[in-house]
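Engineer: My questions will all concern the structure given below.
Where a number appears in this text, it was derived from the coordinates with a stated rule and is not lab data. In this text the structure is predicted, and so the values were computed from the model without any measurement. FYI the Cβ positions are ideal-geometry reconstructions off the backbone, even for glycines, and counts take in every protein chain you see.
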Amino acid sequence: MSSSSTLSLTDRFWRWFHGFGSPARFDRFAQKALPWFSWGAGILLLAGLIGGLFYAPADYQQGESFRIIYVHVPAAWMSLFTYVVMAMAGAVTLIWRMKLADAVARASAPLGASFTALALITGSLWGKPMWGTYWVWDGRLTSYLILLFLYLGYIALVNAIADRRTGSRAGAVLALVGVVNLPIIHFSVEWWNTLHQGATVTKFDAPSIDTRMLIPLLIMFFGYQLYYFAVMLLRVRNELLDTERRTQWVANLIMDEPARDKS
Amino acid sequence: MRAKRKQRLYLVILLVAGLSVAVGLTLMALQQNINLFFTPTQIVDGKAPQGVAFRIGGMVVDDSVKRSDQDLSVQFAITDTAKSVPVLYTGILPDLFREGQGVVALGRLDGKTFVASEVLAKHDENYMAPEAAEAIKQANAQMYKAQEESQ
């Protein structure tokens with residue numbers, strides 16, 4: 001029996017949700033969180049690379065060439081993760097008209113495009129010696145190339161429309177439309193016969209990879225993840241300071257800055 | 001949640017759901033065209049196109065690879081464990097090409113033989129250290145020996 005003075009759980013959630021959307025509050029959070037994400041990313045990426053390049057054993061078939069997995073696979077996972085973030089931010093932009101969500105989507109798009117491009121390039125470089133070709137139009141590679149076009153299309157669209165709010169909404173719709181492609185990318189290797197191999201780690205069975213190879217891969221993935229959050233927070237901060245430059249909280253922040261440096 | 005927001009939420013859900021159904025149906029209709037290759041069974045059954053280039057995919061049959069002494073031509077058979085198709089190819093094979101390994105070859109049917117102009121190796125999803133692979137091979141060989149002895 002809850003008394004009338006205490007808020008129900010849903011009310012509390014909505015209060016938190018709307019509070020989190022406040023640019024001023026987010027800016028304070030981003031300032032505090034940034035060093036944690038940046039240092040975490042640096043340490044994990046270094047540890048993952050050392051583990052992957054020096055401690056993991058060579059593959060029984062591919063030899064040393066398999067080590068490109070430590071750049072390729074986390075980049076591919078992160079490109080999908082980033083897209084999910086972008087699409088969810090797009091939905092929030094459309095439904096709640098939240099400025100923060102729009103800034104998150106805009107900040108994520110170039111990051112996602114970079115992850116996708118990195119995965120495409122490393123995969124292609126690996127494909128030549130292993131498969132015998134840089135590129136093949138199979139289900140996985142083609143649907144993944146479409147992901148790159150979705151990112152580039154989003155960036156082009158939001159920047160092509162002069163009115164910021166209209167641009168954000170158009171971009172959000174495009175981001176949501178592209179969500180359909182995500183399960184296609186993931187299941188393409190099961191639904192159709194493709195040249196690209198099936199899932200190794202992200203399947204319901206136990207991963208079919210040596211543990212000594214898997215651990216650096218997971219470390220790399222978390223490193224990529226922290227890197228994404230670090231750069232995303234930085235870009236969102238930048239974006240919000242620019243769009244909110246005429247507000248009181250930005251003015252206060254700028255006034256405070258030199259005072260804090262002296263102390 | 002205010003009524004207007006709720007309405008917009010339903011619109012977003014409807015957009016994604018409707019699009020998923022549309023794309024899903026399209027992909028199902030295109031099923032055959034998205035497949036990268038035909039399987040040996042499909043080819044033996046005459047389901048592969050005649051006179052045009054297409055791809056065949058499957059495993060290289062053990063002990064079927066015969067290399068020529070004079071040039072780069074190589075002969076082998078591709079199987080999907082049910083049927084197998086003989087393949088003729090002239091050129092350099094990729095690193096991962098070996099017997100028992102998955103390959104995808106592009107070419108045409110010449111009678112019953114598939115004349116390939118390109119052979120690609122398919123990699124599987126297993127990553128193992130060389131010692132582990134060796135251990136599995138030995139364990140399999142022992143099991144096979146034990147089975148033979150018991151018969």
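Engineer: Using the alpha-carbon centroid of each, what span in Å lies between region A:111-139 and region A:153-193?
Structural biologist: If we compute the Cα centre of each part, the gap is 21 Å.
Engineer: Quick one: of A:Lys32/A:Lys99; A:Lys128/B:Lys83; B:Lys66/B:Lys122; B:Lys83/B:Lys122; B:Lys47/B:Lys83; B:Lys83/B:Lys112, which pairs are farther than 22 Å apart, Cα to Cα?
Structural biologist: A:Lys128/B:Lys83
Engineer: Distance from the Cα centre of region A:24-90 to that of region B:51-107, in angstrom?
Structural biologist: Going from one Cα centre to the other spans 38 Å.
Engineer: In the protein assembly as shown, what % of DSSP beta bridges are antiparallel (nearest 5)?
Structural biologist: In the protein assembly as shown, DSSP labels about 85 percent of beta bridges as antiparallel.
Engineer: Separate question: Hey, in the GNM for chain B with a 10 angstrom Cα cutoff, which one of B:Leu88, B:Leu11, B:Leu19 fluctuates hardest?
Structural biologist: Fluctuation is largest for B:Leu11.
Engineer: Of the candidates B:Val119, B:Val61, B:Val16, which one comes out as most mobile in a Gaussian network treatment of chain B with C-alpha springs shorter than 10 Å?
Structural biologist: Residue with maximal mean-square fluctuation among B:Val119, B:Val61, B:Val16: B:Val16.
Engineer: Further question: What distance in nm separates the simple spin-label points at B:Asp45 and A:Phe222, each placed 7 Å from Cα in the Cβ direction?
Structural biologist: Placing both labels 7 Å along Cα→Cβ, they lie 4.9 nm apart.
Engineer: Considering only B:Ala77, B:Ala53, B:Ala135, give the residue with the highest GNM mean-square fluctuation for chain B, with springs between Cα atoms whenever their separation is below 10 Å.
Structural biologist: Ranking B:Ala77, B:Ala53, B:Ala135 by mean-square fluctuation puts B:Ala135 first.
Engineer: How far apart, in nm, are the 7 Å Cα→Cβ label points at A:Leu234 and A:Leu9?
Structural biologist: 3.9 nm
Engineer: Where in chain A are the DSSP H helices whose alpha-carbon span along the long axis reaches 27 Å or more and whose Kyte-Doolittle mean is at least -1.0?
Structural biologist: Details: long enough: A:23-50 (39 Å, 0.66); A:69-96 (39 Å, 1.55); A:99-130 (47 Å, 0.68); A:139-160 (31 Å, 1.45); A:211-243 (47 Å, 0.88).
Both cut-offs are met by A:23-50, A:69-96, A:99-130, A:139-160, A:211-243.
Engineer: Around B:Leu120, which amide H atoms from residues at least 5 apart in sequence, or from another chain, sit under 5 Å from its own amide H, with H modelled in the peptide plane?
Structural biologist: B:Val104, B:Ala105, B:Leu106
Engineer: Turning to a different aspect of this structure: Please return the longest stretch of chain A lacking exposed loop sites, where trypsin sites (Lys or Arg not before Pro) count only if DSSP places them in a loop and at most 11 other Cβ atoms lie within 10 Å.
Structural biologist: Of all site-free stretches, the longest is A:1-244.
Engineer: In whole Hz, with x marking every Gly and Pro, tabulate ³J(HN,Hα) for region B:7-13 from phi via Karplus 6.51 cos²θ - 1.76 cosθ + 1.60, θ = phi - 60°.
Structural biologist: These are the phi-based 3J(HN,Hα) values: 4, 5, 4, 4, 4, 5, 4 Hz.
Engineer: How much length would be gained if the chain were fully extended between B:Arg108 and B:Asp69, taking 0.36 nm per residue of separation minus their Cα-Cα distance, in nm to one decimal?
Structural biologist: 11.6 nm
Engineer: May I pose another question? Compute the label zone of B:Met143 within region B:95-126: residues whose backbone N is under 19 Å from the point 7 Å along Cα-to-Cβ.
Structural biologist: Residues B:100-101, B:125-126 fall inside that zone.
Engineer: Using 1/(1 + (r/R0)^6) with R0 = 25 angstrom and r between the beta carbons of B:Val21 and A:Ala117, what's the FRET efficiency to the nearest 0.05?
Structural biologist: Efficiency for this residue pair is about 0.20.
Engineer: Next up: Under 11 Å from the Cβ of B:Pro86, count the other residues' Cβ atoms, weight Lys and Arg +1, Asp and Glu -1, and hand me the total. Before the final figure, lay out each step's value.
Structural biologist: Working: positive: B:Lys66, B:Lys112; negative: B:Asp110.
Overall, the nearby charge balance is +1.
Engineer: If the label point is 7 Å along Cα→Cβ of A:Ala162, which residues in region A:88-105 have backbone nitrogen under 11 Å from it?
Structural biologist: none
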